Amino acid sequence: MISVFCIFAPLIYFDSSSFYNLILSMASRIYADRKLVIITTFLAIGFIYLIRLFYIQVIDRSYTLSANNNVLRYVTQFPARGLIYDRNGKLLLYNEAVYDLMVIPRQVKDLDTAEICRLLDISKEGFMERMKRARDYSPMLASPFEKQISKETYGYIEEKLYRFRGFFVQPRTLRKYPMSIGAHLLGYIGEVTPAQVEKNVYYKQGDYIGISGIERAYEKELRGVKGLKIRMVDVFNRDVGSFENGRYDTASVMGHDLYTGIDADLQEYGEKLMANKRGSIVAIDPKTGEILCFLSSPGYDPNLLVGRVRGKNFGDLMKDPVKPLLNRAIMGQYPPGSTFKMANDMVGLQMGVITKETRFTCQGPGSSPIKCTHNHVSPLDVYMAIQQSCNPFHWQVFRAIMSDPNYETVKQRYDVWRNHLTSMGFGRILNTDLAFELKGNLPPSSVFDKIYGKDHWNAMTIRSLSIGQGEVLTTPLQLVNYASMVANRGIFYPPHVVRSVGTDKTKFSSQKNVATINPEYIDVVIQGMTEVFAGEHGTARAYKIDSITMAGKTGTAQTSSGKDNSNFIAFAPVENPQIAICVIVEEAGFGATWAAPIASLMIEKYIKRKVKRKEIEDRMLNANLLNN
């Protein structure tokens, strides 16, 4: 107790006034420190705001631009798409200036609706529909009111544009086709879809994109880079100059030009020969795989799908019963018919089930339903069988393949046969640089297992494959690639249209493909194909050219309609191939009647640059087979 008292005694006798003063002194010092902290904080925040305001007003002009949106106009500078040339420098596709009339709905005031309808040749209902579409897009942002106005119409509008507040004109370009050829090859452009806009940030509503052909395949190279101009506009909708002397403008960059392997003269000639016929012609340079000619018939003038008339014309073409929009060259799937016979011969030689001395009778084994349609000597070797297109010979080659004792089952033999054919380019995509290529049909053995039951099918069951009928289907592109592979003694390059991109003209590089057939066996086939033109009984002997050694094969393929397709493949000159070609004329009859003469004329045109066989030419040019 005494010790506790001693501790607290000073407090009991402490002067209360002094203690109070002590407390006040301590509090004042604490609050003084807090005041300093608060003042310092506010000064720091104020300084930060001053720096930010300086940056916004002096350095960063984006807020100034935003504040001036009501007096500035942002005009997209659409780049001109790249031009497209043929192998000889001829222009296949160029650009022509047009204009889009743009509208900002919120700025539209005191508009003379009747006058703008008269200038654009639209109805009042059409005007209201366009305005609604623009408002739905955005009341404050510009969108197209009327697209692709011609230079002539723009001339009338330009004089009175100041009277139409909220409207302005945006220049752009349209495609033009000076020779009106190559519609399926070159393709066309159209407005982007909402899905494309969502998928690719480069595109905005109203932009155009390649839809088909080269335009689609090389969209990134052709489209270029968009630019932007900021213009000042007065209250009367008049352009009064660039903002900040164009400081914030960006220039558009034109797309790259494309240089193709197409021969424009050959393409034009082929389209004339195929007029009033259904089918396709594809020709390539065997040395490079460059496509020389690529057409589908019936075709159409590519200029029909340009400008304001595109929608109506596209609808008309869609309704046309002859299907001019169908690209038969890569999407048409046809039975190859007798053009397929040499493929079986090469596989048979490679597998060793026949030799070049092997002869088969023309009558066919047993009760085979495959009979010969030609009158010739019998038996025949492979050279004569190709020359005269003997069905029974090639059926027996196929039967020998499917009976090869080196394999235990027909499935194994079939798989070997099929693998050789896929190495030639059948039954698969060839990776051309055009979209929508189909792979034809070369069914795997599992298909026949499913149809007939495992181990319950044989050569007789699938005998139609021996003469290019039945389940096998090919595209014209595959058939011309097949002809090119034979011309190169087993090598082919993926067929492609574009040989170089841009001003450097760097050559297109493509992967070399090698078929699984020894060149010595391909030489046997080439000799037989040469006799198709040169032989006494060759099926295309009527169309040989004395100064050009050609190798070819006719084909007459049955179709589901009951009418035969006329097929032909060829290459020339045999010693130094410059062109390989495939011609298919749908439901036209024998291969020697239509496809063979057309192919020989095309070869003559390409190599000689002019055609002298006018009688054959006139017959092909004037024939109308659409009503067969």
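Computed from the coordinates by the stated procedures, all read-outs in this text should not be read as laboratory data. This structure is a prediction, so every number in the text was calculated from the model and none was measured. Cβ placement follows ideal geometry from the backbone for every residue including glycine, while neighbour counts extend to all protein chains displayed.
Descriptive notes on the structure:
- Taking N as its residue count, the alpha carbon Rg of the range 223-325 over 2.2 N^0.38 Å: 1.76
- Footprinting exposure proxy ranking of Glu531, Glu198, fewest other C-beta atoms within 10 angstrom first, gives Glu198, Glu531.
- In the range 264-622, one over the average inverse separation of all distinct C-alpha pairs is 20.8 Å, which is the Kirkwood hydrodynamic radius.
- Gained length - Glu471 relative to Phe47, 0.36 nm times residue gap less alpha-carbon distance: 144.4 nm
- Ellipticity estimate at 222 nm from DSSP helix runs (n ≥ 4, -39,500 (n - 2.57)) divided over the chain, nearest 500: -11000 deg cm²/dmol
- In this structure, the residue pairs whose Cα-Cα separation is over 21 Å, taken from Lys160/Lys204; Lys176/Lys608; Lys90/Lys610; Lys287/Lys608; Lys277/Lys608, are Lys160/Lys204; Lys176/Lys608; Lys277/Lys608.
- Spin-label pair Lys176-Gln363: with each label point 7 Å from Cα along the Cα-Cβ axis, the two points sit 7.1 nm from one another.
- Partners of Lys220 within straight-line reach, counting aspartates and glutamates whose Cα lies under 13 Å from its Cα and excluding those fewer than 8 residues away in the same chain: Asp257.
- Residues Cys117, Cys362, Cys293, ranked from the fewest to the most other C-beta atoms within 10 Å, line up as Cys117, Cys362, Cys293.
- Among Ile401, Gly279, Gly552 the positive-end extreme of the charge dipole of the chain (Cβ point charges): Gly279
- From the coordinates of this entry, percent of Cα pairs over 46 Å apart is computed, and it appears in [x] 40; [y] 50; [z] 14 under the label [x].
- All-pairs Cα distance distribution in the range 385-435, expressed in whole percent, bin size 5 Å: 4, 17, 17, 17, 19, 12, 8, 5, 1
- The distance linking the range 395-440 with the range 140-201 is 49 Å (Cα centroid to Cα centroid, whole angstrom).
- Span-like helix criteria (full DSSP H runs; alpha carbon extent of at least 27 Å along the helix axis; mean Kyte-Doolittle hydropathy of at least 0.0) are satisfied in the chain by 16-54.
- Each of Phe78, Phe314 has some number of other Cβ atoms within 10 Å of its Cβ, and from fewest to most they run Phe314, Phe78.
- At the listed q of 0.09, 0.16, 0.18, 0.19 Å⁻¹, the Debye profile of the range 72-260, built from one uniform point per Cα, gives log10 I(q)/I(0) equal to -0.38, -1.10, -1.28, -1.36.
- DSSP bridge pairs, the chain: antiparallel proportion in percent, nearest 5: 95
- Note on the range 288-434: Rg/Rh from Cα positions, Kirkwood definition for Rh, rounded to two decimals, is 1.15.
- Excluding same-chain neighbours fewer than eight residues apart, the lysines reachable from Lys411 by a Cα-Cα span under 25 Å are Lys341, Lys439, Lys450, Lys454.
- Per-q log10 I(q)/I(0), the range 102-164, q = 0.24 Å⁻¹ (Debye; single scatterer per alpha-carbon; no solvent): -1.17
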